[in-house]
Every structure is written in structure tokens, then in C-alpha cells.
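S.K.: Please read through the structure below; I'll follow up with questions.
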Amino acid sequence: MFTDKAVLLISCIDKPGIVAAVSTYLYEKGANIISSDQYSTNYQEGMFFMRVEFSLPGEGWTLSQVEEDFKPIADKYAMNWNLFPNSRKKRVAIFVSKEDHCLVELLWQWKAGDFECDIVMVVSNHEELRSAVTGFGLPFYHFPVTKENKLEVEKRHIELLKEHDIDVIVLAKYMQIVSPGFIEPFKDKIINIHHSFLPAFVGAKPYDRAYERGVKIIGATAHFVTEELDAGPIIEQDIIRVSHDYSAAELKRVGRMVERSVIARALQWYLQNRVIIFGNKTIVFK
């Protein structure tokens with residue numbers, strides 16, 4: 001009978017013997033490997049990435065013992081590695097402004113049991129979506145943001161997020177540029193969604209400007225947030241083709257559809273520990 005399940009994520013310099021060492025180690029601990037995926041970059045970069053999902057017998061080794069005893073192997077290959085027990089659900093906070101399409105998509109999938117996580121709270125700089133959030137039985141925190149109070153509000157955000165032990169923050173159309181001071185304590189833990197016209201049509205009303213330009217595709221990008229605006233490692237992207245006879249309103253409707261699906265997939269892969277950041281790229285095991 002196998003009980004404890006976990007995911008092991010590994011990145012290191014590529015060299016012979018890594019897969020054998022990891023597989024042999026888990027075998028010796030009596031683990032059952034459920035899935036194993038690995039990827040090597042090109043010769044110049046020379047990097048190796050691996051995701052192993054496994055379970056342990058009901059009696060015998062614990063995950064904490066596996067983690068402790070794995071350290072000599074990790075040191076031998078100079079690995080960056082993390083062990084994620086499936087028994088601990090990640091704690092999620094969602095930030096929104098006035099648009100509800102990404103928020104509602106995430107909440108519906110969570111309510112349906114599609115996300116293995118605890119959505120702990122929704123934070124907004126506007127009141128409009130309070131009833132939508134409380135209808136799901138979640139707390140809604142309203143912090144009005146102005147140019148003058150922005151840094152003070154972000155300080156309160158950080159205190160709230162740390163108080164509730166948040167693992168990942170999703171900016172689900174949160175129409176504020178977050179400061180480096182907010183990003184730093186949650187490095188690689190903030191996911192954003194935006195339209196994929198960038199760097200074209202920067203600023204307000206991108207779909208109106210795309211309509212004027214006669215675009216033929218509408219897309220969306222989910223990425224990690226870094227200090228460089230909308231330039232963090234990309235987790236997921238998608239597009240839908242559109243026609244010359246689409247109005248600006250129809251382009252925006254299609255854009256919302258893509259944004260909803262892209263942010264949901266990005267969050268799902270993060271929750272399933274399928275994402276490794278490498279420089280300004282991601283390796284996403286599917």
C-alpha cells in the first residue's frame with residue numbers, strides 16, 4: 001500500500017548518471033515512481049532538468065527521511081532541487097481590479113475540484129467584485145490604491161500575505177504595476193496574465209488599437225512577475241485567429257476567452273509542480 005506522494009524537481013549541469021542515481025535512490029527507499037520526465041538543453045547551456053512523481057509505502061520511509069537522505073546525491077551533482085509533498089496544498093491569493101473573467105474562471109475551477117490548492121483570499125483595489133467573491137465563501141480584502149498611498153498599501157498586502165502563509169499570488173487582471181518591494185519577498189511566486197499584443201499596443205485600450213490595426217490573431221501570456229514590466233519568464237501562451245469583420249468589442253471578448261484558459265493552465269501547472277525557472281525561461285513538464 002503506497003500512501004505518501006511527492007514531486008521531486010531537479011535542475012543541474014548535465015552529466016551522465018543523474019537519472020540512474022535518482023531512480024536507484026528512490027528504488028532503494030521502496031518508492032514507486034509514478035512518472036518521470038527529463039530534459040537536457042543544448043550543448044552550450046549544458047543543463048539538465050527532471051521531474052519525478054513518486055509514492056512511498058505506507059510503512060517505512062517518510063518524506064522527511066527521503067529528503068534528508070537525498071542530500072548527498074544532490075551535492076554530488078550540484079543540484080538545485082525541491083521536494084513537494086502532495087499532502088500539502090499550496091495556498092493561493094488572487095489579486096483583481098474590476099474585470100472578472102479570469103477571477104471567475106479560477107474560482108469555478110477551484111470549486112469544481114480541478115485545482116489542488118486552497119484559495120485563501122481575493123484582494124482588490126476596487127469594490128465591484130466583492131459579491132462575486134463572497135458568493136464562493138472567500139474573504140474579500142479591499143485596499144483602494146492611489147499614487148500617494150501605493151507603497152503603504154503594498155506593505156499592508158505583504159503583511160496580510162505572510163500572515164496567511166501564501167505560496168503563490170495570481171494577478172488575475174490586477175491593473176496595478178507592483179513595485180520591486182512587493183515582488184522581492186515573493187520572488188518566483190507571482191503569476192500575471194496579459195494580452196499578447198506586447199510590445200505592440202502598450203497602454204490603455206489595446207483591443208481598440210488592435211482593431212484599428214487589423215490584427216489577425218488574439219493571444220494571451222501568463223508569466224512570472226519580475227521587476228522588468230511584463231518581461232518575466234513565460235509559463236503559458238495561446239492564440240485564437242480572428243477575422244477582419246470582428247469589431248473591437250468582439251476582439252476583446254475573444255481575448256478574454258484566451259486569457260481565462262491561459263491563466264488557468266499556468267496556475268494548474270504551478271500547483272502540480274511542473275514548472276522550473278531557468279534564467280528568464282521556464283521548463284514546463286506536461
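Every number here is computed from the coordinates shown, using simple stated rules; none is lab data. Note that the coordinates shown come from a computational prediction; the quantities given were computed from them, not determined experimentally. Because the Cβ atoms are built from the backbone with ideal geometry, glycine has one as well, and the counts that use them run over all protein chains shown.
S.K.: With the checklist (1) among the aliphatic types (A, V, I, L, M); (2) under 20 Å from residue 176 (Cβ atoms); (3) in contact (Cβ under 8 Å) with a residue 24 or more places away in the chain in hand, flag the one item residue 215 doesn't pass.
M.R.: Exception for residue 215: condition (2).
S.K.: Wholly within region 204-286, which strands (runs of 3 or more DSSP E) include no fewer than the required count, namely at least 2 residues that are farther than 22 Å from residue 53 by Cβ?
M.R.: Where strands (runs of 3 or more DSSP E) fall fully within region 204-286 and carry at least 2 residues being farther than 22 Å from residue 53 by Cβ, they are 217-224, 234-241.
S.K.: Only one residue in 70, 95, 49 is touching a residue at least 40 places away in the same chain (Cβ under 8 Å), over 24 Å from residue 168 (Cβ atoms) and buried (at least 18 other Cβ atoms within 10 Å of the Cβ), so which one is that?
M.R.: Only one candidate passes the filter, namely 70.
S.K.: Restricting the search to region 163-173, which residues are surrounded by 16 or more Cβ atoms within 10 Å (Cβ to Cβ) and more than 19 Å from residue 126 (Cα to Cα)?
M.R.: Within region 163-173, 166, 167, 168 qualify.
S.K.: Do you know which residues across region 174-193 are buried (at least 19 other Cβ atoms within 10 Å of the Cβ), out of contact with any strand residue (DSSP E or B) (no Cβ under 6 Å at 6 or more places or on another chain) and in contact (Cβ under 8 Å) with a residue 40 or more places away in the chain?
M.R.: Of everything in region 174-193, those that are buried (at least 19 other Cβ atoms within 10 Å of the Cβ), out of contact with any strand residue (DSSP E or B) (no Cβ under 6 Å at 6 or more places or on another chain) and in contact (Cβ under 8 Å) with a residue 40 or more places away in the chain turn out to be 178, 183.
S.K.: Consider residue 104 against the criteria (1) at positive phi; (2) in contact (Cβ under 8 Å) with a residue 24 or more places away in the chain: it satisfies all of them except one. Which criterion is unmet?
M.R.: Single failed check for residue 104: (1).
S.K.: Taking region 172-218, which residues are of a type in the set (Gly, Ala, Ser) and more than 20 Å from residue 145 (Cα to Cα)?
M.R.: Hits for region 172-218 are 196, 200, 210, 214.
S.K.: Turning to a different aspect of this structure: Restricting to region 209-234, count the residues that are surrounded by 14 or more Cβ atoms within 10 Å (Cβ to Cβ) and of a type in the set (Asp, Glu).
M.R.: The total comes to 1.
S.K.: Further question on the same structure: Take residue 265 and tell me if it is out of contact with any His (no Cβ under 8 Å at 6 or more places or on another chain) and either among the charged types (D, E, K, R) or in contact (Cβ under 8 Å) with a residue 60 or more places away in the chain (or both).
M.R.: yes
S.K.: Now for a different question. So, in region 253-286, of the ones that are surrounded by fewer than 19 Cβ atoms within 10 Å (Cβ to Cβ) and in contact with a Pro (Cβ under 9 Å, 6 or more places away or on another chain), which residue ends up nearest to residue 189 (Cα to Cα)?
M.R.: Only one residue fits best here, namely 277.
S.K.: When the residues of region 235-252 are narrowed to those that are surrounded by fewer than 16 Cβ atoms within 10 Å (Cβ to Cβ) and touching a helix residue (DSSP H, G or I) at 6+ places or on another chain (Cβ under 6 Å), which ends up farthest from residue 168 (Cα to Cα)?
M.R.: So, considering only residues that are surrounded by fewer than 16 Cβ atoms within 10 Å (Cβ to Cβ) and touching a helix residue (DSSP H, G or I) at 6+ places or on another chain (Cβ under 6 Å), the one farthest from residue 168 (Cα to Cα) is 248.
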